[in-house]
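The values are calculated or read from the model by the stated rules, or taken from the named source; none is laboratory data. Model, not experiment: these values are computed from the prediction. Here the Cβ positions follow ideal geometry from the backbone for every residue, glycine too, while neighbour counts run over all protein chains shown.
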Amino acid sequence: MPRRPRLTGAATAALALGLVAAAPATGTEPPVGDARVVTRFDPAAGQRPENIALEPDGSADLTFAFARTVARVAPDGTRTTRAELPAVARPDTPLVRGAVVTGIARAHDGTLYVNYATGTRATGVWRISPGGAPVQIAALPSDGFPNGLALDGHRGVLYAADSARGTVWRVPASGGRVTAWSRRTELRPSRTGAFGANGIKLHRGAVWVSNTSRGTLLRFPVGEDGSAGAPEIRARGLDGIDDFAFPGSGRTVLAALNGSDRVVLVRRDGSHTAVLTEADGLAGPTSVAVRGRTVYVPSAAYRTQRDPNLLLARLRYHFGRL
């Protein structure tokens, strides 16, 4: 959920990005632990990590919103620029005014897809093929704000959550005609100038979407013909929710609450508990990714302007289908 930053100088420290080993848990242990900041970023260079996709080797592909870049952080801590989105003249993006790279999704062949919000014709979904430069494959409305992005590899489509227009767009992964998959009231911002639909994930035959200003987590069943079913509100009271991830095959969710520097565990019944906080190193968390029992949390520090970073933690429990 980018906000226009006041860029200030800060030193960048790159530490090893090792995977956290799983260990047996006792009943008294919290579900997430062993948190540590493994990489810090330079806000003066626009290094505000907005969204994340994981590589098979444990590397993290991060979108740096206002730097218009995708960076890859390898397991040994090496950081490289994977791609840079083209600059646009006079960007006028709703909500933030500047041009920003937001959601990211990865295909099995290594192709990356990212959302680019500019307030111009460059707004839309861009493809980054392995070894290639970014190419726009679909235009989205210039007065929209494409934010979270999810890939359905089986159907060959992408879903983009539009924070300004309260819409989920459906985009062919090969490029082509864009359709408004859902325009439900539940996706809209609660007030002018706020972020509506934000994070988005495909999980067990449904599209899940967070609404930042309403503090809700929604589940949209996907029909056999690919159409959107009526949304279920899976959780409320998630103030400032950004993107999220599933730590298992069930309906338990780990959600980043950008405004309160927390990651919360959202249970099947909608109740939620903080499992990571500012004390662990969070600084405006924007998204979550899970690989095995390792939890990745990028923080962009939009609000505090201090210490954007990447944090790793360990899941102590196996969540299965809970």
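Scanning the stretch 248-270 for residues that are in contact with an Asp or Glu (Cβ under 6 Å, 6 or more places away or on another chain) and part of a loop (DSSP other than H, G, I, E, B) yields a count of 1. One residue stands out among those in the stretch 76-85 that are farther than 20 Å from PRO146 by Cβ and outside any loop (DSSP other than H, G, I, E, B): the one that is modelled with the lowest pLDDT, which is ARG79.
Residues of the stretch 275-322 that are more than 16 Å from ARG262 (Cα to Cα) and of a type in the set (Ser, Thr, Tyr): THR294, TYR317.
From the list VAL88, VAL73, VAL100, which residue is buried (at least 21 other Cβ atoms within 10 Å of the Cβ) and more than 19 Å from GLY148 (Cβ to Cβ)? Being buried (at least 21 other Cβ atoms within 10 Å of the Cβ) and more than 19 Å from GLY148 (Cβ to Cβ) holds for just one of VAL88, VAL73, VAL100, which is VAL73. The residue that is surrounded by the most Cβ atoms within 10 Å (Cβ to Cβ), among those in the stretch 292-307 that are within 15 Å of the chain's Cα centre (by Cα) and either assigned to a loop (DSSP other than H, G, I, E, B) or at pLDDT below 95 (or both), is ALA300.
Within the bounds of the stretch 149-159, is there any residue that is touching a residue at least 60 places away in the same chain (Cβ under 8 Å) and among the small types (Gly, Ala, Ser)? No, every residue in the stretch 149-159 fails to be touching a residue at least 60 places away in the same chain (Cβ under 8 Å) and among the small types (Gly, Ala, Ser).
Once the stretch 187-229 is narrowed to residues that are β-branched (Val, Ile, Thr) and under 19 Å from ARG165 (Cβ atoms), the residue that is surrounded by the most Cβ atoms within 10 Å (Cβ to Cβ) is VAL209.
Output the number of residues of the stretch 157-186 satisfying the condition of being in a loop (DSSP other than H, G, I, E, B), hydroxyl-bearing (Ser, Thr, Tyr) and surrounded by 16 or more Cβ atoms within 10 Å (Cβ to Cβ).
Count: 1.
Criterion applied to LEU254, LEU217 was being in contact (Cβ under 8 Å) with a residue 60 or more places away in the chain and not small (Gly, Ala, Ser), and the one residue passing it is LEU254. The requirement of being surrounded by fewer than 24 Cβ atoms within 10 Å (Cβ to Cβ) and in contact (Cβ under 8 Å) with a residue 60 or more places away in the chain is not satisfied by VAL135.
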